[in-house]
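Q: Before anything else, here's the structure in question.
The values are calculated or read from the model by the stated rules, or taken from the named source; none is laboratory data. Keep in mind it's a predicted model, so treat the numbers as computed, not measured. We place every Cβ from the backbone using ideal geometry, glycine too, and count neighbours over all the protein chains shown. Quick note on the areas: whole protein, heavy atoms, side chains included, nothing else; ligands and nucleic acids left out. Shrake-Rupley method; radii C 1.70, N 1.55, O 1.52, S 1.80 Å.
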Amino acid sequence: MQRRIDLRPGHDAQRIVNYAYLIEISHAAGMLVGLMFTNPVLSVRIEGKNLQGMVDLLREEKVIAIQEFIPSWHTQPAAGEPIITKMVVTTKHGSTARPVPPKH
């Protein structure tokens, strides 16, 4: 079975990447997570709160999607729940972030 992770930065293009290409997970204090993939060459920077549980699940390849919280799209998570406040996907060509659309 091929395992994949669905990366959903708020206003940017969604990407689905195979776990086999995940070469590094860096994290700090449950607030910052970095992922490096080799194919395609991607760097993902994730900022938020209460992210340690996500790191633990990434180690076991159990995360199927990582989604940035957009207040106008999503319900506010309960206190203590993980929340991703910023996700930036960078390719070998540079950041892929796009301007925020006026209305989704």
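Q: Considering the stretch 83-104 alone, what residues qualify as being over 16 Å from Phe37 (Cβ atoms) and at pLDDT 90 or above?
A: Going residue by residue through the stretch 83-104, those that are over 16 Å from Phe37 (Cβ atoms) are 83-86, 97-104.
Of everything in the stretch 83-104, those that are over 16 Å from Phe37 (Cβ atoms) and at pLDDT 90 or above turn out to be Ile83, Ile84, Thr85, Lys86.
Q: Filter the stretch 1-14 down to residues that are open to solvent by 50 Å² or more (accessible area, probe 1.4 Å) and either out of contact with any Pro (no Cβ under 8 Å at 6 or more places or on another chain) or among the hydrophobic types (A, V, I, L, M, F, W, C) (or both) and give me whichever is nearest to Ile83 (Cα to Cα). Break it down into steps so the answer makes sense when it comes.
A: Keep residues of the stretch 1-14 that are open to solvent by 50 Å² or more (accessible area, probe 1.4 Å), which gives 1-4, 8, 11, 14.
Still in the running and either out of contact with any Pro (no Cβ under 8 Å at 6 or more places or on another chain) or among the hydrophobic types (A, V, I, L, M, F, W, C) (or both): 1-4, 8, 14.
Working: Met1: 29, Gln2: 27, Arg3: 23, Arg4: 21, Arg8: 13, Gln14: 18 Å.
Among those that are open to solvent by 50 Å² or more (accessible area, probe 1.4 Å) and either out of contact with any Pro (no Cβ under 8 Å at 6 or more places or on another chain) or among the hydrophobic types (A, V, I, L, M, F, W, C) (or both), it is Arg8.
Q: Then there's this: Only residues that are closer than 17 Å to Gln14 by Cα and either surrounded by 13 or more Cβ atoms within 10 Å (Cβ to Cβ) or modelled with pLDDT of 95 or more (or both): list them for the stretch 68-82, please. Walk me through it before giving the result.
A: To start, the set of residues in the stretch 68-82 that are closer than 17 Å to Gln14 by Cα comprises 68-70, 73-74.
Listed by number, the residues that qualify are Glu68, Phe69, Ile70.
Q: If you go through the stretch 42-67 one residue at a time, how many are closer than 17 Å to Thr90 by Cα, open to solvent by 80 Å² or more (accessible area, probe 1.4 Å) and touching a residue at least 60 places away in the same chain (Cβ under 8 Å)?
A: Applying the first criterion (closer than 17 Å to Thr90 by Cα) to the stretch 42-67 yields 42-47, 66-67.
Adding the requirement that they be open to solvent by 80 Å² or more (accessible area, probe 1.4 Å) leaves 45.
Filter once more, keeping what is touching a residue at least 60 places away in the same chain (Cβ under 8 Å): none.
Matching residues across the stretch 42-67 total 0.
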